[in-house]
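So the structure is just underneath, and the comments pick up after that.
Read-outs throughout are calculated quantities, based only on the coordinates presented, and are distinct from any laboratory measurement. Every value quoted in this text rests on a predicted model; they were computed, and no experiment measured them. Every residue, glycine among them, receives a Cβ derived from its backbone with ideal geometry; neighbour counts consider all protein chains shown.
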Amino acid sequence: MSLAVEEFLRSTDIIDWQHPDVFALSQQLTADNIEATVRRCFEWVRDEIRHSGDFQLNPITCRASEVLKARTGFCYTKSHLLAAVLRANNIPAGLCYQRLSIDDAGTRFCLHGLNAVFLSDLGWYRLDPRGNKPNVNAQFTPPVEQLAFTPTLPGESDLPGIHANPFPEVLAALHTHTTVSSLSLNLPDVTLPA
């Protein structure tokens, strides 16, 4: 189902770009043109917000404003903050998901959260603010996507659609688990259609 572009500009309870701190950050990241603004927002969230799992950092954040305040978040919540600072700059931004193997063997899976941004000359373009580390090198290189992960194993998938709001499974996991260790053992997942 296709949503109107306005849905991807809205401030919500989770993508709360009207929060004073989030809005102030978005204005600091504004550049001379849309592509430069997207690059600055993407690189700031990717590089300045630590991935909670990589760094074993609590608390578990969910809202964009919480991510900004704590300076940490899982992939899902880093994508909430990136969507917020882009939307605050009047750039349509949504959420995307991949289903990936947790153990690289295809026996356990979880969702991975990333973003899509609407670029007028290109359309929807996916970008991944997860945070780089050895073997993960996400970049903003339109028109080519350079994401953190590429689904390759059976059961892995780029899930269809660009979403204005987070998946319920993601929100349930973020609201249920209060520590990195607990969430890491209970990452959200969905069943792929047969």
Estimated 222 nm signal from helices in the chain, with DSSP H stretches of n ≥ 4 weighted -39500 (n - 2.57), rounded to 500: -9500 deg cm²/dmol
Relative contact order of the range 28-120, pairs being alpha-carbon contacts under 8 Å that are 6 or more residues apart, as %: 22
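Given the Cα-Cα distance of S181 and N135 and 0.36 nm per residue of separation, how much length would full extension add, in nm?
14.3 nm
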For L119, residues with placed amide H under 5 Å, excluding near neighbours: W124, Y125
Point-charge dipole on Cβ atoms (K/R +1, D/E -1) for the chain, about Cα centre, debye to 20: 300
Highest-MSF residue in the chain out of V144, V117, V85 [GNM, Cα springs under 10 Å]: V144
For peptides 69-79, 132-142, 47-57, sequence by mean Cβ density within 10 Å, most packed first: 69-79, 47-57, 132-142
Under 5 Å, built H, 5+ apart or other chain: amide partners of W17: T12
Extended-chain gain in nm, criterion 0.36 nm per residue less alpha-carbon gap, E6 and L153: 49.4 nm
Dipole magnitude (debye, nearest 20) for the range 1-80, charges at Cβ of Lys, Arg, Asp, Glu: 220
FRET efficiency estimate (nearest 0.05) - Cβ-Cβ, D121 to R71, R0 35 angstrom: 0.55
Within a Gaussian network of the chain (alpha carbon springs, distance under 10 Å), most fluctuating of L114, L159, L127: L159
FRET efficiency, D32 to D104 (Cβ-Cβ, R0 45 Å, nearest 0.05): 0.60
Length-normalised contact order for the chain - Cα pairs under 8 Å, 6+ apart - percent: 22
